[in-house]
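Enquirer: Attaching a single structure in structure tokens format; questions to follow.
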Amino acid sequence: MAEGCNLHLTLSDVNKVETARNIGEKVDAQNISRELLKCSLKNNSQEIMRVLNDKNHPAYKTAKELLIKALGEGRVTKEEANKLSDALYLILKDHPNPQGLFEKPPVHRGPGSDPMSHPYELLCTAALIQKEVTTSLGNSLKIYSTDRIDFGEKFASSYALSTKKKNTGESDILIGRGAKEIGIDAKYTKGSIYGVKPDLLGQLDKIRSAFSDDQLHEFYFVTNAQFHSDFKEMVDNANAKIIQDCAKENNRIYKDFKDITKVEKEKVDVLEMIRNLDFHNDRKQINKLTQKHDIPQIGICERVNFEG
Amino acid sequence: MTDQIKSLENQLGLSLPESYKRFLEEDRALINGLPIYGVSTNNYDYTVFTSTQALRFARPELPETYLVVRFLENQALCLDLNRVSNGDCPLIEIEIDSHENPKELGISFGQYVEMASQGEVEINRALRRISNLFKSREIKSYEHNAKNNKVPFKARDWKVIRSCVHDYVTGLSAFRHNEQFNGLEVDIFIATDHPDYEPGHGIKALTLLLLSDAYKNGASMEFRFTRYDHNSQTRVKDRIPHQFANLFNEKGVTLSKKEQGIITHFEAVSLYAHLVGLTTDVIAKIKEYQNEERLSLQGVCFLISSRLWAIDEAKWILFNAPRPEGILFGRDVPEDRLKYEESLSFGRAALAVSKLRHKLENSIVNEGDTTAQIENQLFHIISHHPAELDWSITTPNVQINEGEEIIVLSRPRRFFPNLSQLIEDDLKPMLSSLKNANKIFLLYSEDFMEVKNYKELAQEVKKQKNIEILVLPFTTNELDGEVNIRMRKAKVIRT
């Protein structure tokens, strides 16, 4: 016989019982939809692909409904939500088994990871598969069919002896291109400007740390709209710090920096000058330096939207 | 609604059973607080159409005749439309994320709805009565997280108890000890089962709680069911809940004052004995002692129910020890050294066999249950799964097959002045059983290994009598310590 535990029932417990009896109101539809999609892709992927590719298929509406629920309802506009099934089809066509799409990424990729939880992450991935975008660093960003893509993977940002504080950063989308790992953070706004959130500074530090540990080789913030000037400024500051970090390790960077910026040799504080760089106007010169010394930089891509 | 149902049938290519159609027409959405999907979402996220199609995607190998009426965590509750009979069909449960076969729930959808409706009425009534008890201030105020965490209830105060298994409430009851008739007065009694355990365990657990409380607080174990009457503003007699009355019927106990809502002392004791699992021979033995005023049937039930002694330990002590009350109720005290030592030795013999059973139940090879029978001083143990014993001196790993009976004589001793003679004496009770049984064991404590030629002796016994000597990984002192703790705890309980 099961052994139970007996406790006194209080008046507040009676109220809790009443609430608990309406558990149906709290059933987690997002988790169930994720689970259903995960199993469908595992057990029946060909059929799912056929359904996603055919808007007249009798099961198309169900698949779309599940997808919207799995990624969170009401987080993007209705038109964008309608494009989700096309976006999923485009992704799965060349990348049939990405990690972290509807199930948690493996624990070895970082504890506490969650599966994809925002529709824009899917739309952004599809948009980058669909077309090439130019980043603030001047290079282009695109996901090729030969790349490996995963979602929600973590990277360690600080190595502490204390187990209490194991900070991790996260890439919404992680592109594996040979030995190179490119992280993308998809930022969505229903307005026209994406502003600064309180956690941005911490996130930039974590990315910097991941660059210095060689866990990431490129990182981009991508949005459907435009980033606020404060956001861009904070990214520029982080980029300056990354160059400073490398300059402290490699004194060739000092020399090259002085050559590039054509300043008098003894009279300047290079680290201070790096801090004051104008990343917008001096981008070409900075790129020369970063490319020569293989210094990673954080890029920004704006107005990245999936066209359906 | 009829048109919507027809359209749903066409879309899914299935014909819905009448029981489910009736449910849809009643426009209900929740059963036992959980959603049942219908033709529209009703704020519960899925329609029966979406959920059924989603299951077809996720488990394509299953037949398409399963209609999904609820998703909860990783499970889908389905109607098996392949087996419709008399307008109703069985309920099954399907794991979304595995390839396991659907699990039969042994109930039809119609029965499920009906049972849930009945249950809901009872739960509502019980909750209303509990709220009334609180409102009429018959229950002292108490909060779990109060700074002064003392429980304010005396035995004579009303208290509401919830009985839980794995965070699942399986029973609710409100009761108090009534000094006027020296028994238990019960207002609310409602119980259910945890789905992962055997049917009826919820009501058994709650009944045992009430019976134990009645024994602890009153001289009589009489139960009276009462309710508060708002018109007369007094407590009046109430009917015995069906569940409770049925439990007596199942155990073959007739209720003589059922109409008055009274369960007499003897009826309650009889049920108590059945619920803790005492067999008629044990009850008869206890009654012999009861006639001599040495112990009582309800007292032994209380000890077993509060897990101070396991039922087989108590049984063995009752049949073999000269003074069972001295061990079971801890009446033999260390000041009376000879009696105390004797009681300890019987207690540790019973405890040693429990340790052996525990070892078999948690064997490295497999885990499962064992059952034991007692014949004089011998334990006949049957393991219901293959097990391995590494306590033998002569054989490194003794294999016990599933369903195989082993016979054990427990003799955990401290001193072995003349071991050959002792073994000879120990074997006497076994001699009559030697012919039938395959595996016979003599169980000693770790002290046995302090004897110089213990290996040779064990081998000789094995060779001559085909009896294995098992050595517990506990010393006699350790076993004594455990028995002593139990005796000390039992000492405060009245016989």
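Rule-based calculations on the coordinates, nothing more; no lab input. As the structure is a prediction and not an experimental result, all values here were calculated from the model. So basically every Cβ, Gly included, is an ideal-geometry build from the backbone, and we count neighbours across all protein chains shown.
Enquirer: Can you pull out the trypsin sites (Lys or Arg not before Pro) in region B:255-344 whose DSSP state is coil and whose Cβ has at most 10 other Cβ atoms within 10 Å?
Expert: Details: sites: B:Lys257, B:Lys258, B:Lys285, B:Lys287, B:Arg294, B:Arg307, B:Lys315, B:Arg331, B:Arg337, B:Lys339; in loops: B:Lys257, B:Lys258, B:Arg294, B:Arg307, B:Arg331.
Taking region B:255-344 and a limit of 10 other Cβ atoms within 10 Å, the loop trypsin sites (Lys or Arg not before Pro) found are B:Arg307.
Enquirer: While we're here: Rule-of-thumb check for region A:1-157: C-alpha Rg over 2.2 N^0.38 Å?
Expert: Ratio of Cα Rg to 2.2 N^0.38 Å: 1.35.
Enquirer: Can I ask one more? Based on DSSP loop calls and a cut-off of at most 14 other Cβ atoms within 10 Å, the longest stretch of chain B free of exposed GluC sites (Glu not before Pro) is what? Before the final figure, lay out the partial values.
Expert: Numbers: sites that count: B:Glu26, B:Glu61, B:Glu73, B:Glu100, B:Glu143, B:Glu179, B:Glu259, B:Glu292, B:Glu293, B:Glu335, B:Glu367, B:Glu402.
Counting only loop sites that pass the neighbour cut-off, the longest clear stretch is B:403-495.
Enquirer: Over the Cα atoms, compute the radius of gyration (one decimal) and Dmax (the largest Cα-Cα distance, rounded to a whole number) for the protein assembly as shown, in Å.
Expert: In order Rg, Dmax, the Cα atoms of the protein assembly as shown give 36.8, 113 Å.
Enquirer: Also, quick follow-up: For region B:426-495, what are the per-bin percents of Cα-Cα distances with bins 10 Å wide, up to the bin holding the maximum?
Expert: Per 10 Å bin, starting at zero, the Cα-Cα P(r) for region B:426-495 comes out as 17, 35, 25, 17, 5 percent.
Enquirer: Compute the distribution of all C-alpha to C-alpha distances in region B:157-212, in bins of 5 Å from 0, and list the percent of pairs in each, rounded to whole numbers.
Expert: 4, 21, 29, 21, 13, 8, 4, 1, 0
Enquirer: Any idea how far apart B:Gln180 and B:Gln75 come out in nm if each label point goes 7 Å out from Cα toward Cβ?
Expert: Those two pseudo-labels are separated by 4.6 nm.
Enquirer: A further question follows. When Cβ neighbours within 10 Å are restricted to other protein chains, what is their mean count per residue of peptide B:163-176?
Expert: Neighbouring Cβ atoms belonging to other protein chains average 3 per residue here.
Enquirer: Given the -39500 (n - 2.57) contribution per DSSP H run of 4+ residues, what per-residue ellipticity at 222 nm results for the protein assembly as shown, rounded to the nearest 500 deg cm²/dmol?
Expert: Only helices count here, giving -12500 deg cm²/dmol.
Enquirer: Please report, largest first and rounded to whole Å, the three semi-axes of the ellipsoid equivalent to region B:174-303, where each semi-axis is the square root of five times an eigenvalue of the C-alpha gyration tensor.
Expert: For region B:174-303, the ellipsoid semi-axes come out as 25, 19, 13 Å.
Enquirer: Please report, for the Cα atoms of region B:2-113, the Rg to one decimal and the Dmax as a whole number; what are they, in angstrom?
Expert: 12.8, 36
Enquirer: Next question. Using only Cα atoms, tell me the angle between helix A:119-130 and the longest principal axis of chain A; keep it within 0 to 90° and round to the nearest 10.
Expert: Computed tilt is about 60 degrees.
Enquirer: Just to check, using Stokes-Einstein with a Kirkwood Rh over alpha carbon pairs, what's the diffusion coefficient of region A:179-297 at 37 °C and 0.692 mPa s in µm²/s?
Expert: Once the numbers are plugged in, D ends up at 213 µm²/s.
Enquirer: Also, I was wondering about something else. Dipole size in debye (nearest 20) for region B:194-242 around its Cα centre, Lys and Arg Cβ +1, Asp and Glu Cβ -1?
Expert: Details: 7 positive and 6 negative charges, 52 e Å.
Once rounded to the nearest 20, the dipole reads 240 debye.
Enquirer: State the Cα centre-to-centre distance between region B:101-174 and region B:243-298 in whole Å.
Expert: Using only Cα atoms, the two centres lie 26 Å from each other.
Enquirer: Using the C-alpha gyration tensor of region B:47-98, what are the square roots of 5 times its eigenvalues, in whole angstrom, with the largest one first?
Expert: Numbers: eigenvalues 64, 24, 21 Å².
Those come to 18, 11, 10 Å.
Enquirer: Using the Cα atoms of region B:315-480 to build a convex hull, what is its mean projected area in square nanometres?
Expert: The number I arrive at for region B:315-480 is 9.5 nm².
Enquirer: Mind checking region B:390-495 for trypsin sites (Lys or Arg not before Pro) that DSSP puts in a loop (not H, G, I, E or B) and that have at most 12 other Cβ atoms within 10 Å?
Expert: Details: sites: B:Arg413, B:Arg414, B:Lys435, B:Lys439, B:Lys452, B:Lys455, B:Lys462, B:Lys463, B:Lys465, B:Arg486, B:Arg488, B:Lys489, B:Lys491, B:Arg494; in loops: B:Arg413, B:Arg414, B:Lys435, B:Lys452, B:Arg494.
Sparse-neighbourhood loop trypsin sites (Lys or Arg not before Pro): B:Lys435, B:Lys452, B:Arg494.
Enquirer: Going by Cα centres, region B:341-409 and region A:25-92 are how many Å apart?
Expert: When both Cα centres are located, 56 Å separates them.
Enquirer: Between B:Lys216 and B:Gln421, what is the label-to-label distance in nm when each label sits 7 Å out along the Cα-to-Cβ direction?
Expert: Between B:Lys216 and B:Gln421, the simple spin-label model gives 4.9 nm.
Enquirer: Would you be so kind as to identify which of B:Leu356, A:Asn44, A:Ser212 lies farthest towards the positive end of the dipole of the protein assembly as shown, taking Lys and Arg as +1 and Asp and Glu as -1 on Cβ and the Cα centre as origin?
Expert: Highest projection toward the positive end goes to A:Ser212.
Enquirer: Excluding B:Asn484 itself, what net charge comes from residues whose Cβ is under 15 Å from its Cβ, given Lys and Arg +1 and Asp and Glu -1?
Expert: Computed value for this residue: 0.
Enquirer: Related question: Mind sorting B:Val69, B:Val282 by how few other Cβ atoms lie within 10 Å of their own Cβ, fewest first?
Expert: Values: B:Val69 23, B:Val282 19.
The most exposed by this proxy come first: B:Val282, B:Val69.
Enquirer: Taking only the alpha-carbon positions of chain A and ignoring solvent, what does the Debye formula give for the base-10 log of I(q)/I(0) at q = 0.12, 0.15, 0.16 Å⁻¹?
Expert: -0.88, -1.20, -1.30
Enquirer: DSSP beta bridges in chain B, what fraction antiparallel, as a percent rounded to 5?
Expert: Bridges in chain B are about 80 percent antiparallel.
Enquirer: Please express the Cα-Cα pair-distance distribution P(r) of chain B as a list of whole percents, one per 10 Å bin, running from 0 to the bin with the greatest distance.
Expert: P(r) over chain B, rounded to whole percents: 3, 15, 19, 18, 18, 15, 8, 3, 0, 0.
Enquirer: For region A:180-261, which trypsin sites (Lys or Arg not before Pro) are both in a DSSP coil and crowded by at most 10 other Cβ atoms within 10 Å? Each step should come with its number before you reach the end.
Expert: Working: sites: A:Lys180, A:Lys187, A:Lys190, A:Lys206, A:Arg208, A:Lys232, A:Lys241, A:Lys248, A:Arg252, A:Lys255, A:Lys258; in loops: A:Lys190.
Counting only loop positions with at most 10 other Cβ atoms within 10 Å, the trypsin sites (Lys or Arg not before Pro) in region A:180-261 are A:Lys190.
Enquirer: Quick one: dipole size for chain B, taken about the Cα centre, charges +1 on Lys/Arg Cβ and -1 on Asp/Glu Cβ, in debye to the nearest 20.
Expert: For chain B, the charge dipole is close to 2080 debye.
Enquirer: Can you tell which of A:Ala87, A:Ala238, A:Ala179 shows the greatest fluctuation in a Gaussian network model of chain A with Cα springs below 10 Å?
Expert: Highest fluctuation of the listed residues: A:Ala179.
Enquirer: Okay, moving on. Please find, in a Gaussian network model of chain A (springs between Cα atoms separated by less than 10 Å), the residue of A:Thr77, A:Thr135, A:Thr223 whose mean-square fluctuation is greatest.
Expert: Greatest mean-square fluctuation among the candidates belongs to A:Thr77.
Enquirer: Could you size up the charge dipole of chain A around its Cα centre, putting +1 on the beta carbon of Lys and Arg and -1 on that of Asp and Glu, and report it in debye to the nearest 20?
Expert: 280 debye
Enquirer: Please list, in order along region B:394-404, the HN-Hα scalar couplings obtained from phi with the Karplus expression 6.51 cos²θ - 1.76 cosθ + 1.60 (θ = phi - 60°), rounded to whole Hz, x for Gly and Pro.
Expert: Values per residue, Gly and Pro as x: 8, 10, x, 10, 8, 8, 10, 7, 5, x, 7 Hz.
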